[in-house]
Amino acid sequence: MKINTRYYLTFLIILTVQLSSCQVIMDLETYAVYADDQEISIPDDVTYIKDVNNSLAPYLGTFIGTYNGNTITFTITKLTETDWITRDILNIKYKIEDANGNILVQTFNFPDNSHDISGIYLDSQGQYIAYYHGFDATGFDECGQSGTFSLYINPLSSNQMKVYLANSTDILLQDDCPNGETPHVFPANVLFTLTRI
């Protein structure tokens, strides 16, 4: 049987393109092992950290609660982000109102990831970890209004989300923050609960 060289070369080109465009996927649960242990790095060939098992689904939706008279609303969606790697993350838009219904801060009208709470990873204990940089923050000069959120939904009571904001421990420089530290709009270093609506 004689092989047509043109068809053979076309087949090899198509195969090469397909193989070079294949993504190497790591699920969120496997990534949690790497994220929890700073001593190890994910394999170089991984191109996508994906929510293969739909583990982020319990976090999606709108949650609301009150703390110290303020009403806090989170609207959580899943995004696929590409920076150092492609990954599925949670993006949290928020609104905080005082006891009189005055809006203290809200990000619902801003583009995703512009002033939102931005996801990092789902840890091995089932908590979702996310960065927070203050509403008026630009870059890393947020003058103290930053930190790391831990979100946890108990699988047995999936309508309740426990939230904890660990205040940033960055040193504030007078040149960067001439008015001193900006107080958090969120309760910091305390556990509070939001309920799915």
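Below are the figures for this structure:
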| read-out | value |
| --- | --- |
| Theoretical FRET efficiency, 1/(1+(r/R0)^6), r = Cβ-Cβ of residue 181 and residue 54, R0 45 Å, to 0.05 | 0.65 |
| Computed lengthening from residue 114 to residue 197, 0.36 nm per intervening residue step minus Cα-Cα distance | 27.4 nm |
| Magnitude of the charge dipole, the range 53-196, Cβ model with Lys/Arg +1 and Asp/Glu -1, debye to 20 | 780 |
| Chain lengthening between residue 189 and residue 154 when straightened (0.36 nm per residue, less Cα-Cα) | 10.6 nm |
| The range 53-196 shape via C-alpha gyration tensor axes, a/c threshold 1.5 | oblate |
| Positive minus negative residues near residue 51 (Lys, Arg vs Asp, Glu; Cβ under 13 Å) | -1 |
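Bear in mind these aren't lab numbers, they're just calculated from the coordinates by the rules spelled out. Only a predicted model underlies this, so the values are computations on that prediction, with no experimental measurement involved. Neighbour counts are summed over all protein chains in view; Cβ atoms, including those assigned to glycine, are modelled from backbone coordinates with ideal geometry.
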